[in-house]
Amino acid sequence: METLENKTNKPERKLYSSMLYLSMFVMGGCGLAYEYTFSKLSTDLLGNSSQQWGLIIGIMMFFMGVGSDFQKRIKSSLFNKFIYAELILGLSGSFGPIIVLYSFSQYREHFILIHYFFISLMGLLIGFEIPLLTRVNEQFTSELKNNIGNVLKMDYLGALAGAIAWIFILPKYFTIIESAFVLGFATILVAAITLIYFSDKFKTPKRLHFSVVASFVLIIYGYSQAKSWTIYSEQQLYQDKVVFSKTTKYQHIIITESASKEIACYINGHLQFNSSDEYIYHENLVHPIMSIAPQKNNVLILGGGDGLAVREVLKYKDIESLTLVDLDPVMVDLAANNPYFSKMNQNSLSHGKVKIIRNNTLLIAGTEDLYTASQTSPIVNKAVKVAELNIVSLDAVRFLNQIQGKYNIIIIDFPDPNSVELSKLYSKQFYQLLRTKLTPHGIMVQQSSSSLHAKEAFLCIGRTMDSSGLVSIPIHDNVPSFGEWGWWIAARDDHYSKEKLKKMLNSIKTLPGELRYLTPELIHASLVFGKDQLYTDHTEINTLSNTKVYDYYLKAWQDSF
């Protein structure tokens, strides 16, 4: 290996090392951001974010070790090979996500191989580059402790910068596929600057310079086509036309429209509702408990950012205050402003008394950090007095821990417990917290997945409610888009019994006249289940530390395919 330490003075050596450290800083940032990008994409496609992030980062770390070991075989032209590795890293990180997305839609049986090929390649290249750059820097910094310490320091600082950029900056301006090309451009740009800076110190062949230029051209072209490629790839996943696609900080939202103008919404690939039958689901979710609650002036909806449950609640004239809590502000914005959503929810989030809470510290009644909408909902105009609707973008647990006061009715419209994170919203600890927010005679309901296809998960939710100071009873109905579906209705055990709740539901005689599907007779029938449908040998409940409902749910849907 040629040495330049004796051919350059100390200030020059310091400048050369600084350039290499800058390269390490950017590589560290882009490397971590690449890991995040593949992990997020995997979560959007496969769900179960904890498993996907943990597995992908673990595999990348393993191949970083393989790459670090492999670089020992490199004996000459270290600098040139470092630049080549940077180029391959930039191109793989840029084009990898869109190739993975396309492979998921077109070659599902080979998707895992393609997906983990790119993950392994990224780890291999990152692990290969770090010790290789350290060896290049030996020619300018002979002290081992300074060389290794500074290289690793810049790598770790870069990782922090990359995490901040990926979380707070890139999502504001780019889709996840576009972000990959932006990261690739940054990687290639630093490789180009480093190559130019050291071109007089190392023998750099013309093909290396040509490779840098070609890489720039490829990435710029890829970025220009990112949106169209994404739309095409996603369209292959859905039978109907994709009319909206957005990756938010929390989830990936898709809206499709069929030839017959039916609208469907998907979150992370899971169907949330279809306009052809969503009213069956939402009428079952809302009206049974609204009909039996002794008081309904103060209502809380957790989840349901699409505004469809709000639409049903606002059909009651005695609603004074309704609070909607949804983690993702983008979903709420869609519900209020997207024409597909606003038509279905009948502008339920855009009437004259809407207050949208933008701050992260929770409002108490009378907070000034509010935005008041100007439109008027046709639903609310039918009421004698207009309900005040507070919309809060906050995690449900944080909301419940911070809010003061209690609610007569709590409606929980979370996604199914298809991940460890979501399953915690079906835990004993969560229900105990909910109980403290119910008035003594308050009623709550939670959508609880399929009572038939995910029977054990469904029953586990009821057992967990009963273990937390609540009494619960199940209801069910058929929602064509989902099949047999179930909900649990619950109340505080110091004021209700299961028999009392059933008697109250069976005594329902009337419902609001605007309903499209539900009748008192259907509510009575929803209490009746088939033989052994509510029987199980399992006794486990779901807790924060033992997410049994997720295990049951995962097994149920795996067994159904």
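Laid out as a table, the results:
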item: Residue (of GLY29, ASN146, SER94) at the positive-pole extreme of the stretch 10-235, dipole from beta-carbon charges; result: ASN146
item: Efficiency of FRET between ASN478 and ILE196 - r from beta-carbon atoms, R0 51 angstrom, step 0.05; result: 0.15
item: Cα gyration tensor shape for the stretch 64-175, rounded if a/c is under 1.5, else prolate or oblate; result: oblate
item: Proxy reagent accessibility, fewest Cβ within 10 Å first, across LYS424, LYS72; result: LYS72, LYS424
item: In Hz, Karplus ³J(HN,Hα) per residue of the stretch 317-330 (6.51, -1.76, 1.60; θ = phi - 60°; x = Gly, Pro); result: 6, 8, 6, 9, 9, 10, 10, 10, 10, 9, 4, 9, x, 5
item: Amide H contacts under 5 Å for LEU438, placed H, 5+ residues apart; result: TYR407
item: Alpha-carbon radius of gyration plus Dmax, which is the widest Cα pair, for the stretch 10-235 in Å; result: 17.5, 58
item: Reachable aspartates and glutamates, given that their alpha-carbon falls under 12 Å from the alpha-carbon of LYS201 and they are not under 8 places away in the same chain; result: GLU2, GLU5, GLU12
item: Separation of alpha-carbon centers, the stretch 438-468 and the stretch 167-228, rounded to whole Å; result: 51 Å
item: In sequence order, calculated HN-Hα J values of the stretch 524-531 (Karplus, 6.51, -1.76, 1.60; Hz; x Gly/Pro); result: 4, 5, 5, 7, 9, 10, x, 4
item: Within the chain, percent of DSSP bridges classed antiparallel, to nearest 5; result: 60 percent
item: Reach of LYS203 by Cα under 22 Å, taken over lysines that are not fewer than 8 positions away in the same chain; result: LYS7, LYS10, LYS14, LYS72, LYS75, LYS81
item: Which of HIS287, HIS538 has the fewest Cβ neighbours within 10 Å, and the rest in rising order; result: HIS538, HIS287
item: The stretch 23-32 - phi-based ³J(HN,Hα) in whole Hz, Karplus 6.51/-1.76/1.60, Gly and Pro as x; result: 4, 5, 4, 5, 5, x, x, 5, x, 5
item: Cα-centre dipole for the chain with unit charges at Cβ (Lys and Arg positive, Asp and Glu negative), debye to 20; result: 1040 debye
item: All-pairs Cα distance distribution in the chain, expressed in whole percent, bin size 10 Å; result: 3, 16, 23, 21, 15, 11, 7, 3, 1, 0
item: Long-range amide H partners of ASN390 with built H, under 5 Å; result: LEU322, THR323, LEU324, LYS355
item: Order of MET465, MET61 - criterion: other Cβ atoms within 10 Å of each residue's Cβ, fewest first; result: MET61, MET465
item: Residue (of PHE244, ASN137, SER526) at the positive-pole extreme of the chain, dipole from beta-carbon charges; result: ASN137
item: The stretch 10-235, dipole about Cα centre (Lys/Arg Cβ +1, Asp/Glu Cβ -1), debye to the nearest 20; result: 700 debye
item: Given charges at beta-carbon only (K, R positive; D, E negative), |dipole| of the stretch 479-529 in Debye; result: 140 debye
item: Set of lysines near LYS548 by C-alpha distance (under 26 Å), chain-local residues within fewer than 8 positions excluded; result: LYS40, LYS424, LYS428, LYS437, LYS455, LYS498, LYS531
item: Fraction of beta bridges assigned by DSSP in the stretch 402-559 that are antiparallel (%, nearest 5); result: 75 percent
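Just so you know, all these numbers are worked out from the coordinates, no wet-lab data involved. Given the structure is predicted, the values throughout are model-derived calculations rather than measurements. Every residue, glycine among them, receives a Cβ derived from its backbone with ideal geometry; neighbour counts consider all protein chains shown.
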